[in-house]
C-alpha cells in the first residue's frame, strides 16, 4: 500500500503546486498576478512541482506520477504490468486531489476572473490553436522526448575505494534531472498545447473543473480532452519501443 499512497500523494503535490503557479499568475489580485501571463514563471513552477513530487514519492513507489512513465517502464521490463492499472488509478486520484486543493486555495480569486478560458487553463491544458492533428503531434513529440530522455536518466554512480564498490547518488537531489527535463521540454515544445506530458495531470483536474461550482467557468472543453490523453500515451510507447531497440 505504500506504493499506492506514495503515487497519490506525489501526484497530488505535483498538480497542486503546478496548477497553483498558473492560478497565481493569471487570477486577478493575487500576489503573482500578471495580466500578460509569464510563461517562464509557470514553466519553472511546474518543473519545481515535478522535483518536489518526485522527492516525496521516490523512496516508496519510484515516483512515476504519470501514466506514461508507468507504461514505458512496463514496456522495457522494469515494472510489473499487473501493477500498471493500480499505479495509473492512484495517479488520477492524486491529480484530482491536487486540483481540489488549488480550488480551495484560490477560491476567492476565481470570483475576480470572468474569463472562462483562463479559469479552465488553471486545471487543464488548452491549445494555442485549434488544429487537432498539430495538437496531437505536439503531445506525441513532447512526450516522446520526455520519456526517451527519462529512460536514460541515472542518479546513481559507483565509487571505488580500496577495490570495493560503493553506490553513490544525489540523495534528495535525485529528482533534479527529471525536473530539468520537464523545464527544457515545456520551454521548447510547449508552445502549441502547453505540453501536458501526463494524462493524469490533464484529465484529473479537468474532471474536477467540470464538477466544482466555479462561477462562470464555462465548459471543460471535453472535445479536446482526448488529445492530452492519447498523444502522450502514443509518445511514451514509441519512446519505450525505440529505447528497447537501441538497448538490444
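Throughout, read-outs are computed from the coordinates displayed, never taken from laboratory work. Here the structure is a predicted model, which is why all the values come from computation and not from measurement. Note that we place each Cβ from the backbone using ideal geometry, even for glycine, and neighbour counts take in every protein chain shown.
A few remarks follow.
- Taking the C-alpha atoms only, the angle from helix 132-150 to the longest principal axis of the chain is near 30 degrees.
- Relative protection proxy for 127-139, 41-53, from highest mean packing down: 41-53, 127-139 (other beta-carbon atoms within 10 angstrom).
- Modelled FRET efficiency - R0 30 Å, residue 48 with residue 3, Cβ distances, 0.05 increments: 0.80
- The chain: mean projected area of Cα convex hull, nm²: 14.6 nm²
- Degrees, to the nearest 10: 2-26 long Cα axis against longest axis of the chain: 40 degrees
- Distance between the modelled labels on residue 241 and residue 134, one decimal in nanometres: 2.7 nm (7 Å Cα→Cβ projection).
- Ordering of 223-230, 204-211, 8-15 by burial proxy (mean other Cβ atoms within 10 Å per residue, highest first): 8-15, 204-211, 223-230
- Principal axis dimensions, the range 28-96 - Cα atoms, whole angstrom, descending: 47, 20, 19
- Helix 39-61 vs. the chain, principal-axis angle (Cα, 0 to 90°, nearest 10): 50 degrees
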